[in-house]
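This report concerns only the one structure given below.
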Amino acid sequence: MIAHSPRNQTDSGTGPAQVFNLSLGGTARNVRDALATCRTRLSTVVFDQTALDQIELVMAETLNNIVEHALTGQSGDNPISMSCTLKGDALSLVFQDSGAPFFGSTLPPTAFERGPTDPKSLPEGGFGWHLIHSLTDSVSYRRCDRLNRLTIIMHVSTDFDDKTRQ
Amino acid sequence: MRLSARTEELLQVVTVLDNRIDAAVALEFKENMRQITENAPEKVLLDLSAVVFIDSSGLGAIVATMKHLSPGKTLVLAGLNGPVDRVFRLTRMDSVFSLYPTLDHALQDQF
């Protein structure tokens, strides 16, 4: 995992503030290590533990999806980059990888329907996208220059006083 | 992926000793659970009180464990911390599994 230096802040302090910017290898272990680093950085701007848990889960599901689908069978150093910025209460997570595009270059469907079923016939996967959509405000995908670029927006409270009063 | 198990007459309690069930350990968890519950009595109680993070791979591994149990055997989950409980509720798996906030609550309800 490589942590990049913060990029220059935008002029006049009104632009988004960078929380982290790093790149990582495409394995589940790399993902686990990166999540720990990101959570530490996030905890300096987000003080609510539940919000931190939710952001961590969204990052985990997104990165797992990249590792398991986009990068299957590919090698190379640190093929995933991830950055996080905060503007007001809008947390923006941008994931970029050089793996295979989503089929048809669109996001998988978000529907998560399950009728009454025999528990023994339950699916053992397919929960990841549902979790991402449940916990985020917007998810957008773009395929550009042979790169996948996924942008996720989550609104989070960054008010320390609010949370300590509760 | 460290697990410990103790079996009483009609109940096996399996305790997860690690604090994450994520994509890095999901397969190992599933395989260890399969072995540990092979000769389990009719009720298996999975104690998750040490677990503070689970992702959809971990959830899938728990579903697989439940499906692998012989017919007539049930898997009950106990000690769900906030982040774990949330994943079960968001995926509506709380309607599939019996969930208990603590091991004691679960044990009381079994007899």
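Below, the figures for the structure above:
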| read-out | value |
| --- | --- |
| In the A-B interface, the accessible area buried, summed over both sides, Å² (probe 1.4 Å) | 2300 |
| Peptides ranked, highest mean first, by Cβ atoms within 10 Å: ranges A:50-63, B:40-53 | A:50-63, B:40-53 |
| Net dipole in debye of the protein assembly as shown [+1 Lys, Arg Cβ; -1 Asp, Glu Cβ; about Cα centre; nearest 20] | 540 |
| Residue-level accessible surface for residue B:85, protein heavy atoms, 1.4 Å, Å² | 40 |
| Size of the protein assembly as shown as Cα extents on the principal axes (Å, biggest first) | 69, 48, 34 |
| Residue order for B:56, A:157 - accessible surface, 1.4 angstrom probe, largest first | A:157, B:56 |
| Estimated FRET transfer efficiency (residue A:149, residue A:37; beta-carbon r; R0 22 Å; 0.05) | 0.55 |
| Distance in nm between pseudo-label sites at residue A:159 and residue A:90 (7 Å out along the Cβ direction from Cα) | 1.9 |
| Gyration tensor (alpha-carbon) shape descriptor, region B:3-110, a/c threshold 1.5 | rounded |
| Peptide-level mean, for B:45-57, of C-beta atoms on other protein chains within 10 Å | 4 |
| Cα centroid of region B:1-53 to Cα centroid of region A:60-103, whole Å | 31 |
| Average partner coverage of B:87-95, which counts Cβ from other chains inside 10 Å | 4 |
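The values are calculated or read from the model by the stated rules, or taken from the named source; none is laboratory data. Remember, it's a predicted structure, so these values are computed and weren't measured experimentally. Note: ideal-geometry Cβ built from the backbone for every residue, glycine included; neighbour counts use all protein chains shown. The accessibility values were calculated without ligands, DNA or RNA, using every heavy atom of the protein model including side chains. Shrake-Rupley method; radii C 1.70, N 1.55, O 1.52, S 1.80 Å.
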